[in-house]
Amino acid sequence: MPLPLIRHVRAFVVRGGGADYHDQGEGHWIDDHIATPMSRYPEYRQSRQSFGINILGTLVVEIEAADGTIGFAVTTGGEPACFIVEKHLARFLEGRDPADYEKIWDQMYFSTQYYGRKGLVINAISGVDLALWDLLGKLRQEPVYKLLGGNVREELQFYATGARPDLAKEMGFIGGKLPLHHGPAEGLEGLHKNIAALTEMRSRVGDDFWLMLDCWMSLDLDYATRLAHRAWEEAGLKWIEEALSPDDYWGYAALKKNVPRGLLVTTGEHEATRWGFRMLMDMECCDIIQPDVGWCGGVTELIKIANYADSKGVMMVPHGSSVYSYHFVITRHNSPFAEFLMMHPGPSEVVPMFAPQLLGEPVPVNGRIRASALDKPGFGVELNPDIPLHRPYTH
């Protein structure tokens, strides 16, 4: 039977947590003196919100089929992304078959290429694509992971990103990724503090637990190299993540050559599309790529990125992104584990990653989620009806 055609596309802004997980209240670990590219300016060093990391808010995309079925997704992008979705991208969906996601993606990307290619525009395209896959799963009464070929393992296992890997170990996670707190502008004293925090955490978790560092694009090549060597020698660091600007492919290639043998270099959270990830892999910039499915182009593009990584023998561990990653990771042999963002302020509890926006979002139990927890149609979550939606544009 043919699927009902797409009738309407809508885009909304939501504030407070959820997909824009930096939009948190005071006292949250995610905004506590974390090193950033803006850390060179003392006035923007203490809080990431001080330089506007949370200004956009969450983008919610709804795609309604002619029979009334609604697929939806959340990502970042806020009001500017709403404009792109409503005024530009909607024309490539309405009246179309929802199964035509390849043609739809191609038209969205190449029609915006002259002002897009990365960043906000790809975030918007990603949100539309994820909503389209959610709709397709609901129309076919299948979870997205079944549409992608089915699960290759019976459960997902996770490492935790947050300020307390010691607590993450107690909760059953396989590793913990700490935010780096001090960047190059804070000099040798800051480097010593970074190493001291890491070695203190190593003493708490023992030698058999993974420890990683998330550097959030904040370092230069010299600092990253020195940090990597000391962190490896003094604290047994497993990987150093996103140490440099995402555009510095040459720096990443040099870093990968210069770190201690056995220490992994990872990046890709802020990379986009098959072409960006092809650069990372062909130039041998990293050991693990970390695309965010809500930012890199959606599921349709992630398939291409993952297939290229598989052909190159490169591991892919997607960045965060809740159910949108879970449904993909469980179908891939070269994605053996997943990331869980600890969104509790402490973080001393496991809470849903995109709360309060999603209902029915599965969370790890003892660091794991069973494949059966993903068996609802689409991505298996619903939009919280108590969240106020603002639709700034219509078409």
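The values are calculated or read from the model by the stated rules, or taken from the named source; none is laboratory data. All of these numbers come straight from a predicted model, not from anything done at the bench. Glycine also receives a Cβ, built like all others from the backbone with ideal geometry; neighbour counts cover every protein chain displayed.
Scan segment 272-280 and give yes if some residue there is among the hydroxyl-bearing types (S, T, Y) and surrounded by fewer than 24 Cβ atoms within 10 Å (Cβ to Cβ), otherwise no. Lay out the reasoning, then the answer.
Looking only at segment 272-280, we keep the residues that are among the hydroxyl-bearing types (S, T, Y), and these are 273.
In the following step, the residues that additionally are surrounded by fewer than 24 Cβ atoms within 10 Å (Cβ to Cβ) were identified as 273.
Looking for residues that are among the hydroxyl-bearing types (S, T, Y) and surrounded by fewer than 24 Cβ atoms within 10 Å (Cβ to Cβ), one finds at least one in segment 272-280, hence yes.
Go through A163, A196 for me and flag whichever is assigned to a helix (DSSP H, G or I) and of a type outside the set (K, R). First the steps, then the outcome.
Details: A163 fails: assigned to a helix (DSSP H, G or I).
Answer to the selection: A196.
Just for segment 324-380: of the residues that are within 15 Å of the chain's Cα centre (by Cα) and polar (S, T, N, Q), which one is nearest to Y21 (Cα to Cα)?
S325
If E339 satisfies all but one of (1) out of contact with any Phe, Trp or Tyr (no Cβ under 9 Å at 6 or more places or on another chain); (2) in a strand (DSSP E or B), what's the number of the condition it fails?
Among (1) out of contact with any Phe, Trp or Tyr (no Cβ under 9 Å at 6 or more places or on another chain); (2) in a strand (DSSP E or B), the lone unmet condition for E339 is (1).
Mind telling me which of the residues E284, E301 ends up being more than 12 Å from the chain's Cα centre (by Cα) and buried (at least 22 other Cβ atoms within 10 Å of the Cβ)?
E301
Within segment 143-181, how many residues are closer than 20 Å to H344 by Cβ, surrounded by fewer than 19 Cβ atoms within 10 Å (Cβ to Cβ) and hydrophobic (A, V, I, L, M, F, W, C)?
1
Could you tell me whether segment 85-104 includes any residue that is of a type in the set (A, V, I, L, M, F, W, C) and under 30 Å from D31 (Cβ atoms)?
Going residue by residue through segment 85-104, those that are of a type in the set (A, V, I, L, M, F, W, C) are 85, 89-90, 92-93, 99, 104.
Going one step further and asking which of them are under 30 Å from D31 (Cβ atoms), we end up with 85.
Looking through segment 85-104, at least one residue is of a type in the set (A, V, I, L, M, F, W, C) and under 30 Å from D31 (Cβ atoms).
If you go through segment 242-261 one residue at a time, do you hit one that is buried (at least 21 other Cβ atoms within 10 Å of the Cβ), in contact (Cβ under 8 Å) with a residue 40 or more places away in the chain and out of contact with any Leu (no Cβ under 6 Å at 6 or more places or on another chain)? Let's see the steps before the verdict.
The initial filter retains those residues of segment 242-261 that are buried (at least 21 other Cβ atoms within 10 Å of the Cβ), namely 242-244, 252, 255, 259.
Checking which are in contact (Cβ under 8 Å) with a residue 40 or more places away in the chain leaves us with 242.
Checking which are out of contact with any Leu (no Cβ under 6 Å at 6 or more places or on another chain) leaves us with 242.
Among the residues of segment 242-261, at least one is buried (at least 21 other Cβ atoms within 10 Å of the Cβ), in contact (Cβ under 8 Å) with a residue 40 or more places away in the chain and out of contact with any Leu (no Cβ under 6 Å at 6 or more places or on another chain), which makes the answer yes.
Going by the structure shown, is V13 in contact (Cβ under 8 Å) with a residue 24 or more places away in the chain, crowded, with 23+ Cβ neighbours inside 10 Å and out of contact with any Leu (no Cβ under 6 Å at 6 or more places or on another chain)? Working first, answer last.
Working: in contact (Cβ under 8 Å) with a residue 24 or more places away in the chain: yes; crowded, with 23+ Cβ neighbours inside 10 Å: no; out of contact with any Leu (no Cβ under 6 Å at 6 or more places or on another chain): yes.
Against the criterion (in contact (Cβ under 8 Å) with a residue 24 or more places away in the chain, crowded, with 23+ Cβ neighbours inside 10 Å and out of contact with any Leu (no Cβ under 6 Å at 6 or more places or on another chain)), V13 does not qualify.
Cβ-Cβ below 7 Å, separation at least six or inter-chain, first residue in segment 301-329 and among the charged types (D, E, K, R), second part of a helix (DSSP H, G or I): which pairs?
Between residues of segment 301-329 that are among the charged types (D, E, K, R) and residues that are part of a helix (DSSP H, G or I), the close pairs are E301/W105; E301/T273; E301/R274; K304/R274; K312/M281.
Please go through segment 86-103 and pick out each residue that is touching a strand residue (DSSP E or B) at 6+ places or on another chain (Cβ under 9 Å), outside any loop (DSSP other than H, G, I, E, B) and within 11 Å of D129 (Cα to Cα).
Matches in segment 86-103: L89 only.
Residues of segment 85-95 being surrounded by 18 or more Cβ atoms within 10 Å (Cβ to Cβ) and in contact (Cβ under 8 Å) with a residue 60 or more places away in the chain, which ones?
Within segment 85-95, V85, E86, L89, A90, L93 qualify.
Only one residue in E154, E186 is out of contact with any strand residue (DSSP E or B) (no Cβ under 9 Å at 6 or more places or on another chain) and over 19 Å from S321 (Cβ atoms). Which one?
Details: E154 fails: out of contact with any strand residue (DSSP E or B) (no Cβ under 9 Å at 6 or more places or on another chain).
Testing whether each residue is out of contact with any strand residue (DSSP E or B) (no Cβ under 9 Å at 6 or more places or on another chain) and over 19 Å from S321 (Cβ atoms) leaves just E186.
Run Y21 past the list (1) within 22 Å of N384 (Cβ to Cβ); (2) hydroxyl-bearing (S, T, Y); (3) not in a loop (DSSP other than H, G, I, E, B) and report the number of the one that doesn't hold.
Result: Y21 fails condition (3) only.
Can you run down the residue pairs with Cβ atoms below 9 Å, 6 or more apart or on separate chains, where the first is in segment 363-378 and within 20 Å of F72 (Cα to Cα) and modelled with pLDDT of 95 or more and the partner is assigned to a strand (DSSP E or B) and among the acidic types (D, E)?
That search, which allows pairs on different chains as well, returns A373/E155.
In segment 315-333, how many are assigned to a loop (DSSP other than H, G, I, E, B) and either crowded, with 19+ Cβ neighbours inside 10 Å or among the acidic types (D, E) (or both)?
Residues in segment 315-333 being assigned to a loop (DSSP other than H, G, I, E, B) and either crowded, with 19+ Cβ neighbours inside 10 Å or among the acidic types (D, E) (or both): 8 in total.
Name the residue, out of P336, P291, that is closer than 19 Å to A160 by Cβ, at pLDDT 95 or above and of a type outside the set (G, A, S).
Working: P291 fails: closer than 19 Å to A160 by Cβ.
Selected residue: P336, the only one of P336, P291 that is closer than 19 Å to A160 by Cβ, at pLDDT 95 or above and of a type outside the set (G, A, S).
Answer yes if at least one residue in segment 101-110 is out of contact with any helix residue (DSSP H, G or I) (no Cβ under 9 Å at 6 or more places or on another chain) and touching a residue at least 12 places away in the same chain (Cβ under 8 Å), and no otherwise.
Taking every residue of segment 101-110 in turn, none turns out to be out of contact with any helix residue (DSSP H, G or I) (no Cβ under 9 Å at 6 or more places or on another chain) and touching a residue at least 12 places away in the same chain (Cβ under 8 Å).
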